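**Student:** Here you go, one structure.
The values are calculated or read from the model by the stated rules, or taken from the named source; none is laboratory data. Note that the structure is a prediction, hence the values are computed from the model and not measured. Note: ideal-geometry Cβ built from the backbone for every residue, glycine included; neighbour counts use all protein chains shown. Keep in mind that these areas ignore ligands, DNA and RNA; they rest on the heavy atoms of the full protein, side chains included. Shrake-Rupley method; radii C 1.70, N 1.55, O 1.52, S 1.80 Å.
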Amino acid sequence: MLPISHQQLSRTGRLVTLACLAISLASTSVFASPRIASLDWTLAETLIALEAPPVALAQVTDYTSWVGENVPTEVTDIGLRSQPNMELLAELAPEAIVLTPMFANLVPKLQAIAPVVTYEFYRPDKPLWPQLESMTRRLGEQSGQREQAEALIRNSEADIEALKGRLNASQQPLLVVQFMDARHVRIFGNGSLYDAVMQRLGLTNAWPEKPNAWGFNLVGIEQLAKFHDARLVIVEPRPAGVEEELERSGLWHQLGSVQRGDTLILPPVWSFGGLPSARRFAHVLVDAMTATTETAHDDA
């Protein structure tokens with residue numbers, strides 16, 4: 001065995017020192033995403049898509065039911081969005097808390113735990129899609145995931161454009177609704193996430209009325225009868241018992257889409273979501289539309 005020179009020992013020592021330094025830096029918060037807590041589901045789903053999930057999220061079970069996606073197991077449920085568990089939140093020691101103006105009344109209490117960052121989107125005076133892109137970039141900046149934010153924006157556009165190619169050039173106008181009870185629905189118009197996606201898919205939204213700031217109107221199901229030629233799209237979840245009541249409803253069975261049997265039932269997609277929900281809605285809608293088209297061709 002040849003003896004090791006002093007120069008070799010020195011070089012080896014430097015390499016070991018550099019390796020130890022790299023391991024030490026990697027194990028600290030230098031390269032880790034900031035610890036962010038979220039009261040808002042749209043911000044949370046975007047953080048999850050950016051591979052920077054929040055350390056805390058309000059109403060995790062309801063998030064799963066309405067957004068249609070699970071959250072990472074390491075995310076802690078901090079209770080109601082309107083009344084989060086402040087003690088638990090303080091124990092989690094977030095570096096920042098993100099929310100929307102809807103929860104502005106909680107800011108004074110939350111600021112005692114961590115800096116609060118407010119994100120405002122779904123502004124009716126501006127097109128929705130650029131707002132969602134701007135929100136995504138801001139979250140990418142805050143979470144240290146700038147590249148992931150740009151990739152999410154880019155991939156969302158490309159994904160929806162590819163899905164558009166699966167649709168026939170001529171499609172019926174759509175009425176997209178969520179049931180509040182057996183007699184009332186939210187119907188989504190201009191300014192809603194669903195409408196923004198349909199525009200990119202080249203689909204026509206049959207609902208002509210001016211919606212509220214969130215892009216929907218609350219109407220009785222009798223209002224749907226005015227749109228006999230439109231195809232009805234129902235987004236889950238539906239309240240318990242609604243399906244059974246509709247089966248007994250003469251009014252429901254008079255709707256054109258119900259009579260034709262072309263109503264579409266979609267799994268949950270967060271109607272006030274960001275780009276992750278937009279992509280999910282595009283996928284489930286196009287999948288449902290093409291599946292029924294293929295079935296009709298097979299029956300013929």
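**Student:** If you wrap a convex hull around the C-alpha atoms of the stretch 130-189 and split its volume per residue, what is the figure in Å³?
**Tutor:** 138 Å³
**Student:** Calculate for the chain the 222 nm mean residue ellipticity that helices alone would give, adding -39,500 (n - 2.57) per DSSP H run of length 4 or more and normalising by residue count, nearest 500 deg cm²/dmol. It would help to have the intermediate numbers written out before the result.
**Tutor:** Numbers: 12 runs with 134 residues, N = 300.
Helix-only estimate at 222 nm: -13500 deg cm²/dmol.
**Student:** May I ask you to give the solvent-accessible area per residue for the stretch 35-181, in square angstrom, as obtained with a 1.4 angstrom probe?
**Tutor:** 48 Å²
**Student:** Calculate how large, on average over all directions, the projected area of the Cα convex hull of the stretch 190-247 is; give the answer in nm² to one decimal.
**Tutor:** For the Cα atoms of the stretch 190-247, the hull's average projected area reads 4.9 nm².
**Student:** On to the next question. May I ask you to order 71-77, 203-209 by the average number of other C-beta atoms within 10 Å around their residues, highest value first?
**Tutor:** Answer by packing, highest mean first, reads 203-209, 71-77.
**Student:** Still on this model: Can you spot the lysines whose alpha carbon is less than 20 Å from K226's alpha carbon? Ignore those fewer than 8 places along the same chain.
**Tutor:** K210
**Student:** So, with +1 on the Cβ of K and R and -1 on the Cβ of D and E, and no other charges, what is the size of the charge dipole of the chain about its Cα centre, to the nearest 20 debye?
**Tutor:** On the way: 24 positive and 34 negative charges, 184 e Å.
Dipole magnitude for the chain comes out near 880 debye.
**Student:** Based on the alpha carbons, how large is the Rg to Rh ratio for the stretch 123-165 when Rh follows Kirkwood?
**Tutor:** 1.06
**Student:** Which of (1) 1.01; (2) 0.94; (3) 1.12 is the computed Rg/Rh (Cα atoms, Kirkwood Rh) for the structure on display?
**Tutor:** Step by step, Rg/Rh (Cα atoms, Kirkwood Rh) for this structure corresponds to label (3).
**Student:** Using +1 at the Cβ of each Lys and Arg and -1 at the Cβ of each Asp and Glu in the stretch 183-257, identify which of G189, L251, P239 lies farthest towards the dipole's positive end.
**Tutor:** The Cα lying farthest towards the positive end belongs to G189.
**Student:** Further, regarding this structure: Suppose every Lys and Arg Cβ carries +1 and every Asp and Glu Cβ carries -1, with no other charges. What dipole size does the stretch 168-279 come out with about its Cα centre, to the nearest 20 debye?
**Tutor:** Around 320 debye, computed over the stretch 168-279.
**Student:** Same structure, new question: Would you mind getting the accessible area per residue of the stretch 237-293, heavy atoms of the protein chains only, 1.4 Å probe, in Å²?
**Tutor:** 41 Å²
**Student:** Counting only protein heavy atoms and a 1.4 Å probe, tell me what percentage of the chain's accessible area is made up of carbon and sulfur.
**Tutor:** 53 percent
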